[in-house]
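Heads up: the structure comes next, in structure tokens.
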Amino acid sequence: MATYVLVPGADGSAWYWHLVVPELRARGHRVVTLDLPSHDASDLDDFADAIAGAVRETDGSGDAASSGGPGDRPLIVVAQSLAGFSAPLVCTRLPVDRLILVNAMIPAPGETAGDWWADTGQAEARAEYAAAIGRHGTAAEFDPRTDFFHDVPDDVTDAAFAHPPAGPPAGVFTQPWPLAAWPDVPTRVLQSREDRFFPLDFQRRQAHERLGLDVEEVPGGHLVALSRPRELAEALLRGLDRGGVGVG
């Protein structure tokens, strides 16, 4: 059994994972979720500190860093979207056994999350995909319901929009990514086939160019934890016994 640390994307809310948590726990795994810091001065290091702190608190001892995870379980950090910038930093704070990126941004050393969009050509890739699925003109403009929630059940979408809108602190976008290279930790890249925000082909290029990895396709759109929680949980569990895929 393992400890899964589920890190949310831009909204910073643990609620994003609420449908995946019971799927993992039902299979005997420990799950750690958290709301990320929301103060506007918070940066990537603050996020990483908060994630590591949440893990240490799970067994009440404050000693998870020396035990390889709560209860000596393998420690697996899962990053959704923007969390691709902060989750790898946890590897400098805790002995992480595996990183799993889910529809995630993949940073380069020294790159800011604010620069990533232009550096990678995300806007062009999103526009090309929109045209490919028949969205043109004003219909192709970004809209959260159309780009993010197109495959999320109506009741879950309504619950999401019932919360006050939230966004990441400005500091997260301005801090250069502080690592000299990707952590030497086995890494998997999961990517949804119907992601309209980070299209599959775009993510294939990013994973290959920046990590030398192939993506593992999963069904669903960008918010796959809300639209396909069971399928995502099954994908997170795949390869647990064989050690995963190493960056190389």
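Brief remarks follow.
- Residue within the stretch 172-195 that is aliphatic (A, V, I, L, M), part of a loop (DSSP other than H, G, I, E, B) and at pLDDT below 95 present: no
- Residue count for the stretch 19-56 under the criterion of being of a type in the set (S, T, Y) and modelled with pLDDT of 95 or more: the result is 2.
- In the stretch 57-94, the residues that are over 22 Å from L190 (Cα atoms) and modelled with pLDDT of 95 or more: T92, R93, L94
- When A166, A160 are checked against the criterion of being in a helix (DSSP H, G or I), touching a residue at least 12 places away in the same chain (Cβ under 8 Å), of a type outside the set (S, T, Y) and closer than 25 Å to S13 by Cα, a single residue qualifies: A160.
- Looking across the stretch 175-204 at every residue that is without any contact (Cβ under 8 Å) to a residue 40 or more places away in the chain and among the basic types (K, R), the one that is farthest from A140 (Cα to Cα) is identified as R204.
- One residue stands out among those in the stretch 141-171 that are buried (at least 18 other Cβ atoms within 10 Å of the Cβ) and hydrophobic (A, V, I, L, M, F, W, C): the one that is nearest to F85 (Cα to Cα), which is F148.
- Residue in the stretch 208-215 that is outside any strand (DSSP E or B) and surrounded by 20 or more Cβ atoms within 10 Å (Cβ to Cβ) present: yes
- Selection from the stretch 1-28 of residues that are touching a residue at least 40 places away in the same chain (Cβ under 8 Å), under 17 Å from T58 (Cα atoms) and either of a type in the set (D, E) or not in a helix (DSSP H, G or I) (or both): M1, A2, T3, Y4, V5, L6, V7
The values are calculated or read from the model by the stated rules, or taken from the named source; none is laboratory data. Everything quoted here is computed from the prediction, not taken from an experiment. Because the Cβ atoms are built from the backbone with ideal geometry, glycine has one as well, and the counts that use them run over all protein chains shown.
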